[in-house]
């Protein structure tokens with residue numbers, strides 16, 4: 001079995017800044033400060049981290065679990081509106097070759113497709129809804145599982161066992177992401193890593209992260225399948 005754990009933002013879809021806009025608006029409604037997270041670096045981080053930093057930027061106070069959860073709930077109320085707006089305006093994008101690759105992988109009995117994302121699960125599902133990709137991913141590791149990405153990836157691999165027809169080991173798990181954070185987390189968890197230049201990181205930074213494999217996009221299916229040992 002091969003367990004393929006995909007990041008969401010920048011890897012499976014680009015939601016046109018919907019997440020940041022929703023978080024900014026949620027912080028404004030709760031705390032009265034505009035654009036509190038506009039200058040924060042959110043890509044590759046977990047929502048637990050991002051919401052905490054947004055709270056800190058909006059209030060100047062140290063975030064508590066209760067404060068982060070309140071911000072999360074407000075964010076989820078707003079997120080569908082911003083994702084829909086991105087789709088209508090053409091800012092919601094799916095990387096080249098991805099639809100074809102996912103369809104091929106989903107039909108292979110040797111493959112388990114999962115999410116390995118810093119998004120909370122409901123937020124991830126909302127962002128993926130316009131793409132139609134939710135049906136491919138029956139399990140995952142999410143920002144609600146851990147503050148650190150390596151830990152949530154391990155949670156995803158643990159959940160994969162309930163769906164596996166055969167045993168698999170750490171070297172049968174692949175982390176696919178668009179930032180050096182994804183590569184570092186996958187390596188820390190003991191998994192193979194694939195970096196893809198469809199998101200928010202500079203190409204030179206992806207190369208410097210030294211993933212096991214590196215691609216501009218998903219168009220060369222033969223190469224992708226060879227990386228997963230599925231040829």
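The values are calculated or read from the model by the stated rules, or taken from the named source; none is laboratory data. Since the structure is predicted, the reported quantities are computational estimates derived from the model, not experimental observations. Virtual Cβ from ideal backbone geometry, glycine too; neighbours counted across all protein chains shown.
For (1) assigned to a helix (DSSP H, G or I); (2) in contact with a strand residue (DSSP E or B) (Cβ under 6 Å, 6 or more places away or on another chain); (3) surrounded by fewer than 23 Cβ atoms within 10 Å (Cβ to Cβ), each residue gets a yes or a no:
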| site | (1), (2), (3) |
| --- | --- |
| 147 | no, no, yes |
| 157 | yes, yes, no |
| 167 | no, no, yes |
| 175 | no, yes, no |
| 185 | yes, no, no |
| 214 | no, yes, yes |
| 225 | yes, no, yes |
Some residue of region 96-104 being in contact with a strand residue (DSSP E or B) (Cβ under 6 Å, 6 or more places away or on another chain) and either assigned by TED's automatic domain parsing to the domain that holds residue 151 or farther than 18 Å from residue 177 by Cα (or both): no
Subset of region 119-141 (residues that are farther than 14 Å from residue 13 by Cα, out of contact with any strand residue (DSSP E or B) (no Cβ under 6 Å at 6 or more places or on another chain), touching a residue at least 40 places away in the same chain (Cβ under 8 Å) and not in a helix (DSSP H, G or I)): 120
Region 193-212: number of residues that are assigned to a loop (DSSP other than H, G, I, E, B) and either loosely packed, with under 14 Cβ neighbours inside 10 Å or free of Cβ contacts under 8 Å to residues at least 40 places away in the same chain (or both): 6
